[in-house]
Structure formats: C-alpha cells, structure tokens
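Worksheet for the structure shown next.
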C-alpha cells in the first residue's frame, strides 16, 4: 500500500521536511532501505548514516533533524513510536490465513462437546479444546494447541502452534502466546519427608490479564493455591519462566530468559533485562529497572535502576565493577606502602638508638 | 469434600488447638483464606498475620502455636508436610478426564502396530506412538505427545501436551513430564575438522528413573554413547537443560533454568537454585546445596553450601560480596594512609637534617 | 557391523598399535567399554584409565600412545575426530523409520494444496504444511511440526517433533531442528506510548543458512524489518534464544541457554559457553571465545578469550576473581598498616616533644 510522505506524515503524526510527494511502501533499517522504504534514526550517534542511506525518507526527532541536510525526513516527537505507526500503516498486522474448509481435507480438530467457542474464531486443524473450556470471539488458535479442561480464553486472542494452556487457567482479551508457550503447569512444590520429595498438588491456576504478549516457549506455573498472575499489558520475550504464586504487575517488560521465582511480586512498569533472576517471596516496586543478568535477592524499591549479583542500585554496582578492575593496582600500592612504613620504622628505631 | 478439623488433624498427623468441630473444605494462602479454608504458617516472621487471617484453621509448629491466641490451629511437627497432606486430603491429585470415546469423534491418534500399550492407559487424540515403543499400565498421555521408536515408558506416567521422547529413551514408573519437555535430543557433539563442525552421531540414550517430575520445557540430551541419566525421585522446575552423558543423582531438586553440561555427575539430594550453571565433566557430592545463579567450574564436595561465579563455599562467597561493597571506602583509606606516610617521611627527613 | 581394527583404522585414518585382527562393533566410554567396543582417550590426565579399560581398542594421539602399554590402540592425529569417524562407521546416522502407509491408518497430515513438497520426503502424520510453503527434497518432518505460510525448507532437512517455523521464514539445506524449536516468532518490539507498550508488527523474517543444527527448544525471533540470520554451519545446544535482527556468523558454537539480544552480530567461528548473554546492538569479532555465564556489554575483538560480567579479556577476568578472593586478607593488612602508622606518628610526636 504505497503512501506519499504527506499521507504517511498525517497518519503517524509527523511533519515532512523535504518532498511530500515522494511515495514509500515499506519499512526498513537505515542500511537496507531503498527509495521506496521509510526508515528511522534510533540513536543520534548514527546520524551520519542518514546521509548515506538510500531510504525514501527517515523518521527523526526535531533535534536530530537539525543535523541532517538533503534528505527527506519525517519529523516526529517520538520517532520510535512514529516508526511503529508507519509499520502498522504500511505493513499492517499479521494476517492469519483461514485454513481450507473442513470438508476439503481429512485433518481434524478436537472440540469437546461441552466446550464453547465464540463467533468468528479460526481454529486450525489439530487443536484440542478440552471439556468445559471456553473460547471467546475472534480467536486464532494454531495447530497442536491444547486448551485444557475448564480453561478460559478471552476475545481476540492469538495462540501460535504448540501452545499448552492447562486446566482451569484463564487468559484475558487480546492475549498473544507465541509458539511453545506453556501456561499453568504445576508449580515446583514438594514437601520433603522421610527422604523423598512428596508432591504438593498444585490446585491453583494461572491468570493472564488483557493485552499480554509472551514470546516463544515462555512458561507460567500455576499456583499451589490461588493464582499466579500476569498483569494487564505486560510483555515477555522468549523463554521466560514465572514461578508458582508469583504476581507480575501491569505493563512489565521482561526480556528473554528472565526467571521470577515463586510468590514474588512486581509492581507496574517494571523492566527486566535478559537473564535476570528474581528469588522467591520478594517485592519489586513500580517502575524498577533491572539490568540484564542481575540476581535479585532482596526487595527493591520502585523507580530506581539496579544491577549486579546480588542486585544493588545501579550506580553502586557500577562503582564496584570499576573498583574490581583496579584491585591488582591497589594491591601493589598497599605493598609499596608497607615497605615505606617498614623503612620508617627502621629509621626511627636507629635514631632512637643513636641518641644518648 | 468438607472435613472437620478433628478429621483433618487425624488425617495429616496434627493436633487441634481450638474448636475441632469447625469444617474446612479447601486450602488457601493466609491472606486469601476464608472460614472454609485451612492455611499454614510458612515462616515465623509472618506469625502476626495469623491473627488477621480469616482462615478456618492454620497449620503451625508447636513453637509457633505458643505465639498465637484466639485462632483455630492444627499443630504439626512438620507444618509444610502437614499442609501438603491437607492439600491431598481436601483437593486430591489432578484428575485426568477421559477423552470422549473414539467412535464419537474424528480426531485420531497414531499407534504403530508394533508398539505395545499397557492396560488402563488414557491416550488422548493426536498422540503418536512409534514403532517398537512400549507404554506401561495406567499412563496418561496428552495430545501432541510423540513417543519415539523403541522408547519405553513405565507404569503410571503422566505426559502433558507436546512432550517428545526420542527413539530408544527410557522413562521409569511414575514419571511426570510437563508440557513441552524433550527427552533424548542429540547431545551437543561435534568434531571440528577442516573448518567445519562434523556431527558425532549420538548413539546413546536418556534414562529417567522412577518418581521423577520435570517442569515445562525441560530438555535432557541423549548421550553420545551410553546413557544420560536422571536418578530416582529427582524433581526439576521449568526450562532445565541437562547435557549429554550427564548423570543426575537421586532426589535432586533443580530449580528453573538450571543448566548442567555434558558428563557432569551429581550425588544424591543435591539442590540447585534457579539459573545455576554447571560446567562439563565435574562431580558434585551428595547433599551439596548451590545458590541461585552460581557458576560451578570445579568439583564440589558434598554436604556444603556454595554460591558465586565461580562457585565457592557460601561463606566465602558472601564475605567476598561484602568486601566488594566496601572497596570504594577501602580505596579512600589507602589514599589517606599514603598521605600520612608521606608526611611522616617528610617530617623525619627534616628532623634528621636539623640535627647536628 | 563388526569391523577389524585394521579395517576401522583404515576407515578413520589411524594406525593400529597392537592386534589388527581384533573386531569391534560399537563405540563406548572408557569405563563402560567391553572387548567388542572401541573407546577414546579425551584427556591425557585419564591415561591411566586406559590400562584398566576392557575396551577392545582405544583411540589415542601419538604422544599419548607412548604412555600406554599392553592395550590395543588406534593412533590418530586428531583422536576426537577419529572417534567421530568411528561412531559414523560403526553406528551410522539416525535412521528415520518410514511411517506406515496412509491407507493403513486414520491419522492425517495437513498439506495445503498450494504448498509444494519435494521428492522423497518423509512427512509424518500430524504435520501441518501451510499455504504457499515450500519443502525441498528428502526432508524428514516429524509429527506436530508446523511449517507456516510461505515458509521455505531446503533439501535434506530434519525437523523433530513439535517444531514451529513461522510464516515466511527460510531454512537452507541440511538444517536439523530438534524438538520444540521455534523459528520466526515475533521479536520483542514495542513502542511505549501513553503508558502502554504498542506492538511493532514484526514484518521481517528469520533465515537459517545451510548445515545448521539447533538443540531442543531453541528460539529465533523474526526481525522487525529485514532478517534475523544464522550463518552456515553454526550449531546451537538447547534452549538458546536469538533476538530480532541479530546476525550469527558462520560456524558458531553456542552452548545451552545462551541468549543473544536483538541486532547484535557475531563473526565466524565464535564460541559461547553455556548461559552467556549478549546485549543488543553489539559486534563480536571472528573467533572470539566467550566463557560460560559471561555477560557481554560492549563490542569484543575477534580471536580472543573473554569472561566475566561484564565480559572482559579472560586473563583480566581471572586476575579480578583471584583479587576478590584475597580481599578479606587485604583488608586486614590495611588495618595492620594503619595501626603501625599511628604508632609511628605518636612516637615521632613524643620525640619531637622531648627534644629541647
């Protein structure tokens, strides 16, 4: 769907600087973009690359625009969001092709007669909807998904292939689960007794609120009792693990391979970098930002940045790392000082002796 | 199934302190529990919450019971195990609903004619049992599970959806694999030769002994030759990776996202916290406890606690962390001392000079 | 397929030291091997185990052979590669049994009429090949695999059960994906705007070049625009996550649970140990070797070894760890020195006083 820069600017809330009649029909990175593509400048340090780019237009901030000459620009208050709007305008969201009608192939799906499926759903062959499950309207459920007994899936959900939703778990509206996600497996609960780990039946469930998206192979334990909960609007990248009884707040961003242990709670707008681990039974405040690979072992206040293992305020973590780098030098200084003191002691002793 | 506190106490091996005629029918956390629920006190520091709890009864230790007034209690020697017994008594284990009979739907399963399936199994639609595979009695195998050629599954196993068991692998009795687990994929074995990594066929298998439970998306490599082995009674949380030829002892507890590299061996009753990594070809003794995120790079003796990267005895790891935190302060002290020594040196030099 | 040591030596490029008429028919580890087995010596420190081994023959280097008496040996320039060749000679590669013909069972597969499938493929029941997908020649695709719309799979690929290839993604020739792998799920791209994280449609794809093998449950994000790319000949172990727009070079080796964030690039022959994390938008040079658990936060030059969090040259990382271990001792030395200086100051002050 080609658009002129004028049309696109209007759509994404930007101003054209340059020729508004140029047409673009695709989004691309600065280095790959050609004359039909719109790109964007993510970071001022790459501003010189704009001049070399073949892009039909580049989305930039007003400040960055001042540094660029002779290039069609779309100037936006929030260039990253404007780029997002351009992707939506020019490419749209993924279209889920309808599978060919049932009469024309032999591959079945299994929908238990006691399950209910809302209007306008696309259920691919080889999905399994168990007894008592409820699927809302306009859902897309890909092959080899399993929706367990009495599970609830809201409206407008997208479940990619090989997703498992265990019995009694609940997904809100507009929840997207990428391939291989598992929701509601038993939590890691055992009581060790006479030398064996006796399983505690995990009789709670897992609840995902509205507008959640989980990357590939994310796993969310069901609670022992009550619910493991993921708050509205939160997004996970791939291979994230959430322990039983944990509660993730609203609008959290959890990058790949994060693990949050059982019963821990995060506030709203918490961000965790890749491979962060959070121990169990902790509280993390609203807006805390935790650097990749940090190991959280105590409660963290909101609104701050943290890093390190164990996690500490980011500035302190950074200072510690710098100090560690200087340790060998510091050891040498200490040795030199010891030598000087020994010499002083010897000198003073000899003086004391020679005096009458 | 409501029970009086008297009945429940008898069942779980506890004494009632309060009104034995009160009935409960569910387990719940202290804060969520209502008058029909039984809860438990996990940690003495929360003892004050018992007074505020609406729970019909709370399971506590004898020592904690002395601190609580005016609340129905079930006093047990091991409250966590007693709570586990209460969950079993009031909720029971997960019931696997029988799928509707084959004649009443079109969704098939595939069972190779040379495979054998023991009595009283529940095989859901869309399972695939390959040639020569043997399934024991009373197994439950959910949709989209694949049991490879000549694989063996013991009695009373539960395989949740999307589990893959590769050719020739062996599961003992009472093995539970949660959704997405993969048993017996090829180990990471390549011989680098003339610039390419030539695959070493992985002709061993993976063996899981009895009474094992693995969380969602755990993966266990097959051995190059011989067997990768998981010992009886061991339990993993989610997303755990076990390398080829590794041997995990009996009754180990491995928390989420642990990785154990090839050919390493653990003793019995080893515990690893979340995201622990163990390098290859190491031995870890019986009863070793390894803190979350530790990186094990050498053999570890049994019966001890370890932590850190590289992993060291826990006390030493803790002392190192404390020291790192004090480094900036220590640097300042060293600077101050250097200054004092310089002054002393100057003073002594001038004195020596002035003396005749 | 039994072979004499003479035959095997010729096949794997080794010399027999001992009796060339001995026959072997299997490969095994040193400790498990019996008289019909050939084994190999991986590390000189285990050379004494050769004498105790029941193996029919042991593959060793010429240098190690000098240390061993009275045992049949196969002396090879590269013993590990020779062992690999022996596994291939005696065991061969995995045979994929043909499923029983379609007419003899009810379990279907779904192949969209607009998809194309090359000659001599083995498509198991319960695979799903979507509209416009292209499968090359001689591929083996196990049950519950999903090949998305317009995806391309080259020749001689092996897809184990429960693999998902998203729409428009491309696999080269001889690509092996172990069970549970996910290729091309949406990257982690959101523009935060007015308090919510608005999804950026991920309109790129993921491309895996020739001769790639991925362990169980590896996940490769599709790019926002353009392609996420894995270079020819690279091999991953299990549970590896590759972010959107990343580019992994040729012949990389990534051990289990590695995560590479979006837009980062690695050169050729890069090796990463288990649980390594690489932050986004970084470049790692050819032949860099990164120790397990390292956290890469800046560009790394090629040809070097790195370790630590944040990652630094390996020697520096090692020296820092040693220094940290000595910190408590160093603190004591500083305290002792402070005391000595205080005494010197006092002594000097009193001397100055007493002198006339």
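Number of residues in region A:128-149 that are away from chain B (no Cβ under 12 Å) and either in a strand (DSSP E or B) or surrounded by fewer than 19 Cβ atoms within 10 Å (Cβ to Cβ) (or both): the value is 6. For region B:177-196, the set of residues classified as surrounded by fewer than 24 Cβ atoms within 10 Å (Cβ to Cβ) and part of a strand (DSSP E or B) consists of B:190, B:191, B:192, B:193, B:196, listed by residue number. Only residues that are free of Cβ contacts under 8 Å to residues at least 60 places away in the same chain and assigned to a strand (DSSP E or B) were counted in region C:21-38, giving 3.
If the requirement is being at the interface with chain A (Cβ under 10 Å from one of its Cβ atoms), touching a strand residue (DSSP E or B) at 6+ places or on another chain (Cβ under 6 Å) and farther than 30 Å from residue B:8 by Cβ, which of these qualifies: B:125, B:99? Walk me through it before giving the result.
Working: B:99 fails: touching a strand residue (DSSP E or B) at 6+ places or on another chain (Cβ under 6 Å).
Result of the check over B:125, B:99: B:125.
Across region C:6-20, a minimum of one residue is classified as touching a residue at least 60 places away in the same chain (Cβ under 8 Å), part of a loop (DSSP other than H, G, I, E, B) and either crowded, with 19+ Cβ neighbours inside 10 Å or at negative phi (or both).
Elements of the type strands (runs of 3 or more DSSP E) sitting completely within region B:197-255 and holding at least 3 residues that are within 12 Å of chain A (Cβ to nearest Cβ), at positive phi and touching a residue at least 24 places away in the same chain (Cβ under 8 Å): there are none. When region B:150-176 is filtered for residues that are assigned to a loop (DSSP other than H, G, I, E, B), surrounded by fewer than 24 Cβ atoms within 10 Å (Cβ to Cβ) and in contact (Cβ under 8 Å) with a residue 24 or more places away in the chain, the ones remaining, listed by number, are B:154, B:155, B:167, B:168, B:172, B:173, B:174.
Have a look at A:333, A:343 and point out the one that is free of Cβ contacts under 8 Å to residues at least 12 places away in the same chain, more than 10 Å from chain C (Cβ to nearest Cβ) and more than 29 Å from residue C:321 (Cβ to Cβ). Break it down stepwise before answering.
Numbers: A:333 fails: more than 29 Å from residue C:321 (Cβ to Cβ).
None of the other options fit; the residue is A:343.
Go through region C:205-227 and report how many residues are under 22 Å from residue A:162 (Cα atoms) and either surrounded by 24 or more Cβ atoms within 10 Å (Cβ to Cβ) or modelled with pLDDT under 95 (or both). Total meeting the criteria: 12.
Mind listing whichever residues of region B:41-88 are touching a residue at least 12 places away in the same chain (Cβ under 8 Å), assigned to a helix (DSSP H, G or I) and within 11 Å of chain A (Cβ to nearest Cβ)? Answer for region B:41-88, where residues must be touching a residue at least 12 places away in the same chain (Cβ under 8 Å), assigned to a helix (DSSP H, G or I) and within 11 Å of chain A (Cβ to nearest Cβ): B:46, B:79, B:80, B:82, B:83, B:85, B:86, B:87. Annotation: residue A:305 fulfils all but one of (1) at pLDDT 95 or above; (2) surrounded by 19 or more Cβ atoms within 10 Å (Cβ to Cβ); the unmet one is (2). Checking each residue in region A:48-67 for being in contact with a helix residue (DSSP H, G or I) (Cβ under 9 Å, 6 or more places away or on another chain) and surrounded by fewer than 16 Cβ atoms within 10 Å (Cβ to Cβ) picks out A:63, A:67.
The values are calculated or read from the model by the stated rules, or taken from the named source; none is laboratory data. A quick note: this is a predicted structure, and the numbers were derived from the prediction, not measured. Glycine gets a Cβ as well: all are built from the backbone with ideal geometry, and neighbour counts include every protein chain shown.
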